[in-house]
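First the structure, in the form of structure tokens, and then the observations on it.
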Amino acid sequence: MLAIGGDHASPQLKEEIKKHLDEKNIAYKDFGTFSDESVDYPTYGEMVANAVASGEYEKGILICGTGVGMSMTANKVRGIRAVVCSDCYSAALSRRHNDANILALGARVVGPDLAKMIIDTWLEAEFEGGRHQNRVDLIMDVERKNFQA
Ligand code: RB5
């Protein structure tokens, strides 16, 4: 199950993405926002990141104007490895090598077709483990050393 959210820059793209996920029978919960009235992206970034970090949702998709603020916010939540992508190669490798659990997209950066391709690529790619597991463990060591519980 996916957790999805975004700020006021996101609703139009978010709706397109939801239609795409519906067509593929991929389950999700939309945490909002649902209008273009100005909101603060960290509110929604934290909600979705917490939903993923708790284990209730397997992965998350966050959308803001650039995807930058959302990825920064989500990466402040313990257990989250968020990546902002505007290309399919990074999306694939962020899963295969970095075991990213949140994908951030910029609604003002990527068009809907590219966003859907990036999402498909990200959801289909699997973490390869092995030497990459060791490196992801090292990332999480950095988190443990620098963040209080
Ligand atoms: C809101 O205008 C914009 O700052 C936000 O959507 C996002 O791009 C932040 O990183």
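Here the chain has 49 percent of its accessible surface on carbon and sulfur atoms, given a 1.4 Å probe and all protein chains in place. Solvent-accessible surface of segment 72-149, taken per residue with a 1.4 Å probe and all protein chains present: 56 Å². Let a ≥ b ≥ c be the square roots of the eigenvalues of the Cα gyration tensor of segment 45-108; is it rounded (a/c under 1.5), or, if not, prolate (a/b larger than b/c) or oblate? Oblate is the answer for segment 45-108, as a/c is 1.5 or above yet b/c matches or exceeds a/b.
Taking a threshold of 30 Å on the Cα-Cα distance, which of the pairs Lys59/Lys145; Lys18/Lys76; Lys29/Lys145; Lys116/Lys145 fall above it? Pairs exceeding the cut-off: Lys29/Lys145; Lys116/Lys145.
Basic side chains Lys and Arg get +1 at the Cβ, acidic Asp and Glu get -1 at the Cβ, and with that the dipole of segment 81-135 about its Cα centre reaches some 240 debye.
Given +1 at the Cβ of Lys and Arg, -1 at the Cβ of Asp and Glu and no other charges, the dipole of segment 37-82 around its Cα centre is 260 debye to the nearest 20. Comparing mean-square fluctuations of Gly79, Gly111, Gly32 from a GNM of the chain with C-alpha springs under 10 Å, the top value falls on Gly111. For segment 71-131, GluC sites (Glu not before Pro) meeting the loop criterion (DSSP other than H, G, I, E, B) and having at most 14 other Cβ atoms within 10 Å: Glu126, Glu128. Sparse packing (at most 16 other Cβ atoms within 10 Å of the Cβ) combined with a DSSP loop state is found for the following chymotrypsin sites (Phe, Trp or Tyr not before Pro) in segment 59-140: Phe127. Karplus-based coupling profile of segment 104-110, in residue order and whole Hz: 10, 10, x, 5, 9, 10, 10, with θ = phi - 60° in 6.51 cos²θ - 1.76 cosθ + 1.60 and x standing for Gly or Pro.
Calculated FRET efficiency, Phe147 to Arg96, Cβ-Cβ distance, R0 = 30 Å: about 0.70 to the nearest 0.05.
Centroid-to-centroid, using Cα positions, segment 1-71 and segment 88-149 are 16 Å apart.
Summing Lys and Arg as +1 and Asp and Glu as -1 over all other residues whose Cβ lies under 14 Å from the Cβ of Ala51 gives a net charge of -1. Dipole magnitude for the chain: computed about the Cα centre from +1 point charges on Lys and Arg Cβ and -1 point charges on Asp and Glu Cβ, it is near 460 debye.
The values are calculated or read from the model by the stated rules, or taken from the named source; none is laboratory data. Note that this is a predicted model, so its numbers are computed, not measured. Cβ atoms come from the backbone with ideal geometry, glycine included; neighbour counts cover every protein chain shown. Side chains included, ligands, DNA and RNA excluded: accessible areas come from the protein's heavy atoms. Shrake-Rupley method; radii C 1.70, N 1.55, O 1.52, S 1.80 Å.
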